[in-house]
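Enquirer: Dumping the structure here so I can ask a few things about it.
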């Protein structure tokens, strides 16, 4: 199968250009539908296509492609079609040497292109599997609702997620076997407005209360501690006029740790009141962590032997839907199978064209190792 990498890489570059040409920020139904139509066209003709309800209400339905074979294993390929960059900042794909730059290129339309390529190659080898599914969701970047697809795939033998690839410190090809848990802490403040010039003392500032809470949350960070907890205030909204003490506001904080339970003390640290401003704290998003290093060690050794160069297991702090599949019971979940690049979540996202080939080799080697195990 690894011999197919050149063919896969050539197709992936063309399909990446088509996918990046569509602006598809999370929540935009029209862009999501256009991307889903493209992805459907890129699936092998043998694939059954189904549209599943998205985890997030109001979003376009997720895309499922399915192949049936004569083997015994069930394999899930996982990715997302939504991006972060808004329509006004969207950039279509442009090439400058090895760099393919465009919105959503590395996170994660390059990975989607490789996943679809793996599906086409597997369509030629039905003896290797009983079923192979590719699931492309439309809400990964901004989802706060529970992930709804875990139960459907809980009995699968393995999951390959095609978020961006990377190299290890020694230059080896790396895949992601460990991810931190992630959560979003939201704090709503309810104070009292007043004229900020003539009677500021009559008001109770939601902005100042939230600023104090932001300091409290940041003080909870302990990246060198047992759970490697980071607690980072990221968004503060308060006030509507320059001459009014703001009566309401909202604070959002990004939390990462090795365990979901590590976030409980951060939530508990937020007081119910600050200077007569009422505070309401809640977790609006909580994604589990993932650690499949031990379970995947044999398959990774097999894949390295097939490839003829070492593939190492690595870890990443960013969240991914791979964690939801692992939490559902798919012990052999591996992530980071997409191409290498950078600039994620900016209009200048880019993918290395050369890595489309090398990462296709990695994906095919890992796929073969898992299916023949």
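We did not get these values from a lab; they are worked out from the coordinates using the rules stated. In this text, all values refer to a predicted model and were calculated from it rather than measured experimentally. Here the Cβ positions follow ideal geometry from the backbone for every residue, glycine too, while neighbour counts run over all protein chains shown.
Enquirer: Roughly how many nanometres apart are two label points built 7 Å out from the Cα toward the Cβ at residue 169 and residue 48?
Expert: Between residue 169 and residue 48, the label points sit 4.8 nm apart.
Enquirer: Within segment 227-244, find all residues whose amide N lies under 19 Å from a label point positioned 7 Å from the Cα of residue 89 along Cα-to-beta-carbon.
Expert: Within reach of a label on residue 89, which here means backbone N under 19 Å from a point 7 Å along Cα→Cβ, segment 227-244 contributes 233-237.
Enquirer: Could you work out the Rg to Rh ratio of the chain, with Rh taken as the Kirkwood radius (inverse of the mean 1/r over all Cα pairs)?
Expert: Rg/Rh: 1.04.
Enquirer: How big is the gap, in Å, between the Cα center of segment 286-354 and the Cα center of segment 3-67?
Expert: Their Cα centres are 20 Å away from one another.
Enquirer: For segment 84-107 and segment 160-218, what is the separation of their C-alpha centers, rounded to whole Å?
Expert: Distance between centres, Cα-based: 26 Å.
Enquirer: List the pair-distance distribution P(r) of segment 181-286, using every Cα-Cα distance, as the percent of pairs falling in each 5 Å bin from 0 up to the bin containing the longest distance, rounded to whole percents.
Expert: Cα pair-distance distribution for segment 181-286, in percent: 3, 14, 24, 20, 15, 10, 7, 4, 3, 1, 0.
Enquirer: Could you work out the helix-only [θ] at 222 nm for the chain, with each DSSP H run of four or more residues adding -39,500 (n - 2.57) and the total divided by the number of residues, to the nearest 500 deg cm²/dmol?
Expert: After summing the helix terms and dividing by residue count, I get -9000 deg cm²/dmol.
Enquirer: Right, here's the next one. Testing the spin-label approximation: label points 7 Å from Cα along Cα→Cβ at residue 232 and residue 348. State their distance in nm.
Expert: 1.8
Enquirer: If we sort 74-84, 288-298, 323-333 on the protection proxy, mean other Cβ atoms within 10 Å, highest first, what's the order? Please report the intermediate quantities before stating the final value.
Expert: Values: 74-84: 26.0, 288-298: 17.4, 323-333: 21.6.
Top to bottom by mean Cβ count within 10 Å: 74-84, 323-333, 288-298.
Enquirer: Any chance you could give the angle, 0 to 90 degrees and rounded to 10, that helix 206-219 forms with the longest Cα principal axis of the chain?
Expert: 50
Enquirer: List residues of segment 298-327, by number, whose backbone nitrogen lies under 15 Å from a label position 7 Å along Cα→C-beta of residue 98.
Expert: none
Enquirer: Sticking with this one: How far is helix 353-372 tilted off the main Cα axis of the chain, in degrees rounded to 10, range 0 to 90?
Expert: Once rounded, one gets 70 degrees.
Enquirer: Among 113-119, 241-247, how do they line up by average Cβ neighbours within 10 Å per residue, starting with the highest?
Expert: 113-119, 241-247
Enquirer: Can you give me the angle between helix 5-20 and the longest principal axis of the chain, using Cα atoms only, in degrees from 0 to 90, rounded to the nearest 10?
Expert: Tilt relative to the chain: about 40 degrees.
Enquirer: If the label point is 7 Å along Cα→Cβ of residue 244, which residues in segment 202-219 have backbone nitrogen under 15 Å from it?
Expert: Only 203-207 fall inside the zone, counting backbone N under 15 Å.
Enquirer: Another question, then. What is the extension gain from residue 29 to residue 152, computed as 0.36 nm multiplied by their sequence separation minus the C-alpha to C-alpha distance, in nm to one decimal?
Expert: Using 0.36 nm per residue and subtracting the Cα-Cα distance, I get 41.9 nm.
Enquirer: Can you bin segment 1-160 into rounded, prolate or oblate? Criterion: square roots of the alpha carbon gyration tensor eigenvalues sorted a ≥ b ≥ c, rounded for a/c under 1.5, prolate for a/b above b/c, oblate for the rest.
Expert: Oblate shape, in that a/c is at least 1.5 and b/c is the bigger or equal ratio.
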